Every structure is written in structure tokens, then in C-alpha cells.
Amino acid sequence: MTEFSQLLERNRDFAATVDLRYLAMPEPATMPERMPLILTCVDPRVEPAGFLGLRTGDAGVLRNAGGRVDERVMDDIAFLGMRLGVRLDVVVIHHTQCGTGLLADPAFRRSFADRAGLDDAVLAAKAVTDPAQTVREDVAKLLANPVLSSDLVASVSGHVLRLETGLVDPVAVLSTPTA
């Protein structure tokens with residue numbers, strides 16, 4: 001059996017037990033006023049359903065390498081808030097032992113930049129070597145974006161998941177966008 005076959009079996013178990021109401025697109029009148037949106041890393045050790053105890057429908061989740069904020073992430077946040085008609089509590093979670101720390105190594109970064117056709121300087125800025133610092137930077141980016149005004153984003157906070165303990169530590173206090 002292939003690994004994906006095993007995942008399909010798990011999907012059948014999921015489909016047999018899930019409350020399908022959580023999979024339907026809710027009517028705007030039934031949506032809560034606010035909803036958490038988690039931005040975190042794609043690292044398989046960093047699964048928000050596991051370390052936050054999320055269930056289907058509890059929160060939106062965006063993931064990318066490092067859990068970093070960029071233009072695409074900000075566009076996705078705006079889209080989700082507008083589509084669902086809710087104000088989002090955006091929670092940025094970086095983690096210790098992040099693989100994007102390799103982007104701080106010039107030789108690795110150049111090799112990856114050449115292979116992927118990406119800009120070396122852009123990649124250098126994505127490195128998570130100090131997750132507390134990069135969380136603060138990303139929270140500041142979100143708060144500075146005029147598209148993510150208070151009608152879409154209710155709050156922004158930043159946290160670090162410490163893989164050594166499994167605990168999430170607050171780093172950037174809850175902030176509210178202007179306008």
C-alpha cells in the first residue's frame with residue numbers, strides 16, 4: 001500500500017464521522033463575528049490541529065515555509081475575511097528548529113535561489129533563525145498593511161512554538177490594526 005493510499009483510508013474514516021455542517025460554506029448570518037486565522041510553517045512537526053487542538057471549522061489556517069508574512073499571505077488574509085464576512089484574529093506562529101534557518105547560509109541560499117529562480121536577498125529575509133524576532137517583524141508587517149484594516153482584521157498576535165517543550169509562548173502582544 002502506498003503512503004497516499006493510507007491517507008485515503010484515513011479520509012474515509014474522516015468522512016464517516018465528520019459533521020458535514022462543518023464542511024458546508026456557512027451563510028453569512030450564521031458566521032461568528034470573529035474567527036481565528038493561524039499562520040504557521042509547513043514543517044510536518046508543526047501541525048496546528050495538534051498543538052492547538054483545532055477541529056474542523058475552528059479556525060482558518062495558512063501555511064508556508066517559515067510561516068512568514070509576504071504579499072500573498074496578506075492577500076489571502078484579506079480574501080478570507082471578505083469571503084467569510086468575519087473579522088479575523090490573525091495569529092502568527094513561528095517555531096524553534098525551523099528549516100528556513102538554512103536560508104541564512106549563503107551557500108545553501110545561493111544554490112536554492114539558482115535552482116528555484118528566486119532572488120537571493122528575498123530568500124535571506126525569509127530565514128527564521130530567531131523565531132521571536134521574525135514573529136515581531138511579521139506582526140509589524142501585518143499591522144502596517146492598509147488593506148488589512150480593522151474591518152477585516154480584529155487583532156494580530158505573534159507566538160513561538162518551542163519544539164523542545166511543545167508549548168506556544170506569546171511574543172508579540174495582541175494588537176489591533178488602525179482604520
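How many of the residues making up region 107-125 are touching an Asp or Glu at 6+ places or on another chain (Cβ under 8 Å) and touching a residue at least 12 places away in the same chain (Cβ under 8 Å)? Even if it seems obvious, please write down each step before you answer.
To start, the set of residues in region 107-125 that are touching an Asp or Glu at 6+ places or on another chain (Cβ under 8 Å) comprises 109-110, 113.
Narrowing the set further to residues that are touching a residue at least 12 places away in the same chain (Cβ under 8 Å) leaves 109.
So the answer is 1.
When the residues of region 21-39 are filtered to those that are touching a helix residue (DSSP H, G or I) at 6+ places or on another chain (Cβ under 9 Å) and not in a helix (DSSP H, G or I), which remaining residue is surrounded by the fewest Cβ atoms within 10 Å (Cβ to Cβ)?
Met25
Give the residue, chosen from Gly57, Gly50, Gly67, Gly85, that is at positive phi and modelled with pLDDT of 95 or more.
Answer to the selection: Gly67.
What number of residues within region 84-120 are part of a helix (DSSP H, G or I) and farther than 14 Å from Asp151 by Cβ?
18
Scan region 140-154 for residues that are closer than 15 Å to Val69 by Cα and open to solvent by less than 50 Å² (accessible area, probe 1.4 Å) and report the count. Lay out the reasoning, then the answer.
First pass over region 140-154, keeping only residues closer than 15 Å to Val69 by Cα: 140-148, 153.
Add one more test, that the residue is open to solvent by less than 50 Å² (accessible area, probe 1.4 Å), and what stays is 142, 145, 148, 153.
Qualifying residue count for the region: 4.
Does any residue of region 62-75 turn out to be among the basic types (Lys, Arg) and over 20 Å from Arg136 (Cα atoms)?
no
Which of (1) touching a residue at least 40 places away in the same chain (Cβ under 8 Å); (2) closer than 18 Å to Leu161 by Cα; (3) of a type outside the set (Lys, Arg) is the odd one out, the single condition Met74 does not satisfy?
(2)
Considering only residues that are β-branched (Val, Ile, Thr) and not in a helix (DSSP H, G or I), look in region 121-139 and name the one that is nearest to Ala154 (Cα to Cα).
So the residue we want is Val128.
From Val42, Val18, Val61, Val73, grab the single residue that is among the aliphatic types (A, V, I, L, M) and surrounded by 17 or more Cβ atoms within 10 Å (Cβ to Cβ).
Checking each option against the conditions leaves just Val73.
The values are calculated or read from the model by the stated rules, or taken from the named source; none is laboratory data. The structure displayed is predicted, hence computed values, not measured ones. All Cβ positions, even for glycine, are placed from backbone atoms using ideal geometry, and neighbour counts span all protein chains on display. Side chains are part of the model used for accessible areas, which takes the heavy atoms of the whole protein and leaves out ligands, DNA and RNA. Shrake-Rupley method; radii C 1.70, N 1.55, O 1.52, S 1.80 Å.
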